[in-house]
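Before any comments, here is the structure.
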Amino acid sequence: MAEKYSPAEIDARWQRRWAEARVSFVDTAVPGDEYYMLNMYPYPSGSRLHVGHGRNYILGDALYRRQRMAGRKALNPMGWDAFGLPAENAAIQSGIHPREYTLANIGRMKEQLHSLGCLYDWSKELASCDPAYYRWNQWLFLRMWERGLAYRKTAPVNWCPGCRTVLANEQVVDGRCERSGDAVEIRDLTQWFFRVTDYAERLLSGLDGLPHWSDRVKTMQRNWIGRSEGAEILFRVDGMTDPVTVFTTRPDTLFGATFLALAPEHPAVARLAERSASSAELLAFVERVRRESRLERESEGGEKEGIETGILEINPGTGEPIPVWLANFVLPEYGTGAIMGVPAHDQRDFEFARKYGLPVRPVYRTASAEIDPDAMTQALSHEGFLYRSGTWDGAPNGPEAIRVAISWLEEKGFGKGKVGYRLRDWLISRQRYWGTPIPAIHCPTCGVVPVPDSDLPVLLPEDVDFQGAEGNPLEKSAAFVETRCPRCGEAARRETDTMDTFVDSSWYYLRFLNPQDTERMVDTERVDRWLPVDQYIGGIEHAILHLLYARFVCRVLKDMGLVHLEEPFERLFNQGMITRLNPATGKVEKMSKSRGNTVSPDELIERFGADTLRLYTLFIGPPEKESEWSEEGVAGAHRFLNRVHEVCARVQELPDAGEAGPPDTDLRRLTHRTIQRVTEDAAKFHFHTAIAALMEFQRGLAEALEAGSESPQALREGVRALLQLLHPIAPHLTEEWWHRFGERVFLIETAWPVFDAALATSTDVTLVVQVNGKVRGRLSLARGATESEAVSRARADERIRTWFEGREIARTVFVPDRLLNLVVR
RNA sequence: GCCGGAGUGGCGGAAUGGGCAGACGCACGGGACUUAAAAUCCCGAGGGCCGAGAGGCCCGUGCCGGUUCGAGUCCGGCCUCCGGCACCA
């Protein structure tokens, strides 16, 4: 009897050997045999891996091992997004410096990845909090500034007066700070932005060139960019020199515009208020709307509120004056922050008009219908033909009417065709300490001045006071803030905003190729060779922001000539979350620390070994879908590995010499069929079905051993294949047995087994016989049997015959090697 | 509201260029081994009905309808759940 599989011992032995061997990518690989894969970088500011979080690292490692066995030189690096809010909050609470806290977490996560047997290329490791990395964030920022892609503008933020800090939307609960409970104010701050909207069209059209991305993610990105074609129309305001510009997707309904509505934040509001008779009321309304939480204001059922300014403007279509309103449902960020209200054909405008008694003026009608605006209970569709629209009358609804409208507007100088996007520029300013300092200096005489390249990196100061920290600790570091203007040399102040951590992750996939390079941000030659990333693995939560910003920065670098590609990630795989029963709520929820339903890998590795954990994590379900964790399932995975161990031990005891058996035994057929199944499943990342095939294979081997029906050669061939196929999933046990069988090279360095197609295909098939579409019997036939053979066999079969005896066979449907359907009357 | 995804045994799931529904595993039941238990191994099992039994028949992939010799798979309409986005002009 062989000794039991002792996971801890085996894990330890192989982790040590792999570490010593430094399995890593070879620089001299032939282009085309190279495979660059990337797991979504971890945030080390959290604490440790849990099973849900570890799923993609296990999947990534299995894919890496599979690629290596396919003969590809694979680059599989790991980086850390080491800047992040939790570290700063932890520092405030515990007094531990964010750097110390973060580095400790990186160390712990590395250990955990190591104990899972994950072979990351640590020679390419990087961390975003390292000046060797973030100096290039700053360098990139300066280049963006030069190109007009980085700029400052005011933006409203949630300000907590108690914490003296800016809050994220999710930190605001019922208008109050979730931590201190203070009422949150809306403040205008001047902040830095990246002009991602300049790239909206390219980011949108690039999606068409990504066939290996899921439609799901591409659709989400398309919707986020939100391209819409329409027109900008100028409305001349009574008594004012500057017209108000409106963006609309339906310029054809201009003659139906019976009011104009501005966002309360619209820049013209101040001047309107000066001239309005109800100035005080207007300003009070503006103040009130600005206090409304953004969520509430944007929600479906939100109350539409407005106030009349008493100012009139001219509808350029009709030439008639219509009133200007301020309305809470008009958003300053979208379009021009001003709309023309067409109540007859827009439901939202209709509700607003009914509430405030504004006229409703239809401009579309079908041939028959006579429309009574007073009887309408909701907005009309744009059905039929334009009428009451001057020279546009008779134009049918659709692109034609819009074209007519736009050319008229352009001819008269009242407006022009315009493509609008929902996408907004990327706000990168953070009023935080733990991040990349923005390399700008505020000089009283020269204004905002860029830090010269020669002064990079602008180092994040270490001696920052976190005790009783309020606001941005950077502001209190005199050594950091006080500087000289690089232009005039006079005393000046450093910018204290730091960058959004999405800046870090928007180009790290390039930096893995030269993480220690002090001369340049990216190594163009290596990028040409390795990029795009062949396989990117990450959670669906990054489907929009992170991936959009990474695609944006890649394009900017292309325009700068530093890289020659637009799309950084050729294949994208979004793995589903692991869920588990939450004892607190009694519901099955995604596994996460904040919900308190996590399972630590450390504990499971100690009990069952890394292979069991890996096997079960991959077996639990299709990786792109959510899967529910179950403790009992882990034991089942462990049992399987013990059976593999048992089979290996018994085959090892077989005599080496002996008669070679026949070349096509049942076992050999099973071996080759299994190689085929696992190869195909692994290509789809469907390790759960590959494992099912391996379980059947193990049973086949055990049965053959029991029956003594197979030659030692066939059994050895089977066990070799089993170990190789199982290796990406359970590397420790398989490597152990590979070497016990006398092999000298690492399993990962062996070639993936190749199946013999003739052996993988069975000679006999089961043909299903149906009568009128219902299964009535099965025939065992030689592969490739003809229809007439099948029919005569079916006629000869007692059982099947009872179903059509005495009736006429009207038709037969024959699918070779699968099915025969007899249609009888 | 819009967009996307999903719905299959007690449970996780398998099977879609239409062709044996429920692979594999968990839990469960029975058996072997054992003084006993654990561990391990073997067997069983979608539901209903008929039969002493071997076995047989009917129903069954969220619901209703359609196409087809044949539908978990395709089409139309609905329901539920999950994710994303949302007064988007």
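The values are calculated or read from the model by the stated rules, or taken from the named source; none is laboratory data. No experiment lies behind these values; they were computed from the predicted model shown. Cβ placement follows ideal geometry from the backbone for every residue including glycine, while neighbour counts extend to all protein chains displayed. Ligands, DNA and RNA are excluded from the accessible area calculation, which covers all protein heavy atoms including side chains. Shrake-Rupley method; radii C 1.70, N 1.55, O 1.52, S 1.80 Å.
For the reader, a short list of remarks on this structure follows.
- A search for C-beta distances below 6 Å between a residue of the range A:716-731 that is touching a residue at least 12 places away in the same chain (Cβ under 8 Å) and on the phi < 0 side of the Ramachandran plot and any residue that is open to solvent by 10 Å² or more (accessible area, probe 1.4 Å) and not in a helix (DSSP H, G or I), counting only pairs 6+ apart in sequence or on different chains, returns A:Ala721/A:Pro753; A:Gln724/A:Pro753.
- If only residues of the range A:709-729 that are open to solvent by 10 Å² or more (accessible area, probe 1.4 Å) and under 45 Å from the mean Cα position of the chain (by Cα) are counted, the one that is nearest to A:Thr750 (Cα to Cα) is A:Gln724.
- Criterion violated by A:Ala82 - all others in (1) closer than 29 Å to A:His727 by Cα; (2) in contact with a strand residue (DSSP E or B) (Cβ under 8 Å, 6 or more places away or on another chain); (3) open to solvent by less than 10 Å² (accessible area, probe 1.4 Å) satisfied: (1)
- Qualifying positions in the range A:408-458 - touching a residue at least 12 places away in the same chain (Cβ under 8 Å), open to solvent by 20 Å² or more (accessible area, probe 1.4 Å) and part of a strand (DSSP E or B): A:Lys416, A:Gly417, A:Lys418, A:Val419, A:Leu427, A:Arg430, A:His442, A:Val448, A:Pro450
- Qualifying residue in the range A:665-676 (condition: out of contact with any helix residue (DSSP H, G or I) (no Cβ under 6 Å at 6 or more places or on another chain), open to solvent by 80 Å² or more (accessible area, probe 1.4 Å) and free of Cβ contacts under 8 Å to residues at least 24 places away in the same chain): no
- Residue within the range A:376-387 that is more than 16 Å from RNA strand B (Cβ to nearest atom), among the hydroxyl-bearing types (Ser, Thr, Tyr) and either at pLDDT below 75 or within 25 Å of A:Ile225 (Cα to Cα) (or both) present: yes
- Considering only residues in the range A:187-209 that are touching a residue at least 24 places away in the same chain (Cβ under 8 Å) and of a type in the set (Gly, Ala, Ser), the one that is nearest to A:Met499 (Cα to Cα) turns out to be A:Ala200.
- Residue check, A:Lys355 farther than 24 Å from A:Ser276 by Cβ, charged (D, E, K, R), surrounded by fewer than 21 Cβ atoms within 10 Å (Cβ to Cβ) and within 12 Å of RNA strand B (Cβ to nearest atom): no
- Some residue of the range A:52-69 being open to solvent by 40 Å² or more (accessible area, probe 1.4 Å) and aliphatic (A, V, I, L, M): no
- Across the range A:217-239, the number of residues qualifying as out of contact with any strand residue (DSSP E or B) (no Cβ under 7 Å at 6 or more places or on another chain), modelled with pLDDT of 80 or more, near RNA strand B (Cβ under 9 Å from one of its atoms) and hydrophobic (A, V, I, L, M, F, W, C) comes to 1.
- Of all residues making up the range A:777-807, the number that are within 12 Å of RNA strand B (Cβ to nearest atom), open to solvent by 70 Å² or more (accessible area, probe 1.4 Å) and within 30 Å of A:Ala760 (Cβ to Cβ): 2
- For the range A:307-349, the candidate set comprises residues that are more than 10 Å from A:Leu260 (Cα to Cα), in a loop (DSSP other than H, G, I, E, B) and more than 44 Å from the chain's Cα centre (by Cα); within that set, the residue that is farthest from RNA strand B (Cβ to nearest atom) is A:Gly319.
- Candidate set from the range A:593-610 (those that are open to solvent by 20 Å² or more (accessible area, probe 1.4 Å) and at pLDDT below 80); member that is farthest from A:Gly206 (Cα to Cα): A:Gly596
- Of the residues making up the range A:252-284, those that are among the acidic types (Asp, Glu) and within 16 Å of RNA strand B (Cβ to nearest atom) are A:Asp252, A:Glu265.
- Scanning the range A:117-163 for residues that are under 21 Å from A:Glu88 (Cβ atoms), at pLDDT 85 or above and open to solvent by 50 Å² or more (accessible area, probe 1.4 Å) returns A:Asp130, A:Arg135.
- Qualifying residue in the range A:750-757 (condition: more than 30 Å from A:Asn56 (Cα to Cα) and modelled with pLDDT under 95): yes
- Test: A:Val289 is at pLDDT 85 or above, within 12 Å of RNA strand B (Cβ to nearest atom) and more than 30 Å from A:Glu495 (Cα to Cα): no
- Scanning the range A:142-158 for residues that are among the small types (Gly, Ala, Ser) and closer than 15 Å to A:Glu265 by Cβ yields a single hit, A:Ala155.
- Filter result (of a type outside the set (A, V, I, L, M), assigned to a loop (DSSP other than H, G, I, E, B) and away from RNA strand B (no atom under 12 Å from the Cβ)) within the range A:608-667: A:Gly609, A:Glu653, A:Pro655, A:Asp656, A:Gly658, A:Glu659, A:Gly661, A:Pro662, A:Pro663, A:Asp664, A:Thr665
- Residue count, the range A:404-424 (criterion: in contact with a helix residue (DSSP H, G or I) (Cβ under 9 Å, 6 or more places away or on another chain) and more than 14 Å from RNA strand B (Cβ to nearest atom)): 4
- Selection within the range A:808-825 - modelled with pLDDT of 75 or more and open to solvent by 100 Å² or more (accessible area, probe 1.4 Å): A:Glu808, A:Arg811, A:Arg818
- Long-range neighbours under 7 Å by Cβ, at least six apart or interchain, first residue part of a loop (DSSP other than H, G, I, E, B) within the range A:797-818, second within 12 Å of RNA strand B (Cβ to nearest atom) and open to solvent by 50 Å² or more (accessible area, probe 1.4 Å): A:Trp803/A:Arg776; A:Arg807/A:Arg825; A:Glu808/A:Arg825
- The range A:240-251: number of residues that are touching a Leu at 6+ places or on another chain (Cβ under 9 Å), more than 10 Å from RNA strand B (Cβ to nearest atom) and not in a strand (DSSP E or B): 2
- Subset of the range A:203-258 that is open to solvent by less than 40 Å² (accessible area, probe 1.4 Å) and among the aromatic types (Phe, Trp, Tyr) - its residue that is farthest from A:Pro568 (Cα to Cα): A:Phe255
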